[in-house]
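What follows is a single structure, written as C-alpha cells, with notes after it.
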C-alpha cells in the first residue's frame, strides 16, 4: 500500500522523520512517498493545490497532508474516502478538499480526532505524529475507514476559498495562485478557461499588474524566447503561468500571491 506525506514541516527538524517512524512501526510493508515537506509555514492553500496536482501522478493509496495552523484547537481531524478509491488524511481546514474533488468527490468522511488508532497521550501540537500518521498506517494495513472514527456529513467540512479567473470586457482576469522557487507564477486560469480568451500559441498578450503593463508571448516552453524574455505558457498541470526565461517573473512584474493579473490579447 502506498502512503504519501505532504507537510509544512521542512527538513531541518525531526517531524517528518518521526511520522515515517510511526508508520514503519505500524505498517512496515507500506511504501511511503514524500511528496514534499516544503510547503510554506501554515500555507493551507499552497498545500491544497500541491496535493491536488501531485496526486494525479501517484497511485491511489493513503494520502496524508498536514498544514495545520489550528492544531490543538477544536478543528476536526479527517479521513476521507474518494470516489477513485483514494483516502485522504489531514485536518479539517480545506487542505484536503481540492484533491478530493479531483478524485471524484467524497464518498465517506470520518472524524478521527478521537480515533482508537491514535497514539496516547496525544500532543496538542503534533497531530501529524499522534493522529494522522497512525491512522494512515492502520488504514494501510486493511482497517476499515468506518472503524477509524465517527462518520461525518461531507457537506459540513470546512471549504477552501479559491479565486476564479473570468473573462471581463475582452480581458482574462486572473490571480496569482502560486509563486514557485524559480519565480514562475501560476495563475488560476485552466486550459479549459482559455477558450474564448483570444490567447493562444504564438500570440502576444498585454499583462496588467497594478499600474504596470508588460508584453508577453504565449509559447510552449522557456527556451522558445531569448534569455530574459517574458512568456505565458501552460504549466505541467495545464494551468496558465507566467515566467521569464532564466529569470523571475515574480520579481520582474512585482507579483505576490493573490495579485490580480489582467491579460489582453494583442
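The values are calculated or read from the model by the stated rules, or taken from the named source; none is laboratory data. Quantities reported herein were computed from a predicted structural model and do not represent experimental measurements. Reconstructed Cβ throughout: ideal geometry from the backbone, glycine too, with neighbour counts over all protein chains shown.
Restricted to region 190-223, and to residues there that are touching a residue at least 60 places away in the same chain (Cβ under 8 Å) and not in a loop (DSSP other than H, G, I, E, B), the residue that is surrounded by the most Cβ atoms within 10 Å (Cβ to Cβ) is 205.
Summed over region 75-124, residues that are in a loop (DSSP other than H, G, I, E, B), free of Cβ contacts under 8 Å to residues at least 40 places away in the same chain and under 14 Å from residue 152 (Cβ atoms) total 4.
Taking into account only those residues within region 224-245 that are assigned to a strand (DSSP E or B) and touching a residue at least 60 places away in the same chain (Cβ under 8 Å), which is nearest to the chain's Cα centre (by Cα)? Outline the logic, then answer.
Our first condition is that a residue be assigned to a strand (DSSP E or B); within region 224-245, this holds for 230-234, 239-244.
When the remaining residues are screened for being touching a residue at least 60 places away in the same chain (Cβ under 8 Å), the result is 239-240, 243-244.
On the way: 239: 13, 240: 16, 243: 20, 244: 23 Å.
Across region 224-245, the extreme among qualifying residues is 239.
The number of residues in region 152-171 being at pLDDT 95 or above and either part of a loop (DSSP other than H, G, I, E, B) or more than 30 Å from residue 112 (Cα to Cα) (or both) comes to 3.
Over 30 Å from residue 199 (Cβ atoms), in contact (Cβ under 8 Å) with a residue 40 or more places away in the chain and part of a helix (DSSP H, G or I), is that true of residue 146? Against the criterion (over 30 Å from residue 199 (Cβ atoms), in contact (Cβ under 8 Å) with a residue 40 or more places away in the chain and part of a helix (DSSP H, G or I)), residue 146 does not qualify. Taking the listed residues 119, 97, the one that is surrounded by 22 or more Cβ atoms within 10 Å (Cβ to Cβ), assigned by TED's automatic domain parsing to the domain that holds residue 145 and either under 14 Å from the mean Cα position of the chain (by Cα) or more than 20 Å from residue 162 (Cβ to Cβ) (or both) is 97, with no other qualifying. Among the residues of region 39-49, those that are in contact with a helix residue (DSSP H, G or I) (Cβ under 7 Å, 6 or more places away or on another chain) and without any contact (Cβ under 8 Å) to a residue 60 or more places away in the chain comprise 39, 40.
When residues in region 56-73 are screened for being part of a loop (DSSP other than H, G, I, E, B) and touching a helix residue (DSSP H, G or I) at 6+ places or on another chain (Cβ under 9 Å), 6 of them pass. Restricting attention to region 17-35, the residues being buried (at least 20 other Cβ atoms within 10 Å of the Cβ) and closer than 18 Å to residue 68 by Cα number 2.
In this structure, residue 233 does satisfy being closer than 26 Å to residue 44 by Cα and either surrounded by 15 or more Cβ atoms within 10 Å (Cβ to Cβ) or touching a strand residue (DSSP E or B) at 6+ places or on another chain (Cβ under 9 Å) (or both). Which residues, counting only those in region 246-257, are touching a strand residue (DSSP E or B) at 6+ places or on another chain (Cβ under 6 Å) and either surrounded by fewer than 17 Cβ atoms within 10 Å (Cβ to Cβ) or not in a helix (DSSP H, G or I) (or both)? Passing the criteria: 255, 257. Please work out if residue 67 is crowded, with 20+ Cβ neighbours inside 10 Å and touching a strand residue (DSSP E or B) at 6+ places or on another chain (Cβ under 7 Å). Criteria met by residue 67. Inclusion of residue 52 among residues that are at negative phi, in contact (Cβ under 8 Å) with a residue 12 or more places away in the chain, surrounded by fewer than 23 Cβ atoms within 10 Å (Cβ to Cβ) and touching a strand residue (DSSP E or B) at 6+ places or on another chain (Cβ under 8 Å) is not warranted. Within region 12-27, identify whether any single residue is touching a helix residue (DSSP H, G or I) at 6+ places or on another chain (Cβ under 6 Å), assigned to a helix (DSSP H, G or I) and under 20 Å from residue 179 (Cα atoms), and answer yes or no. No, region 12-27 has no match at all.
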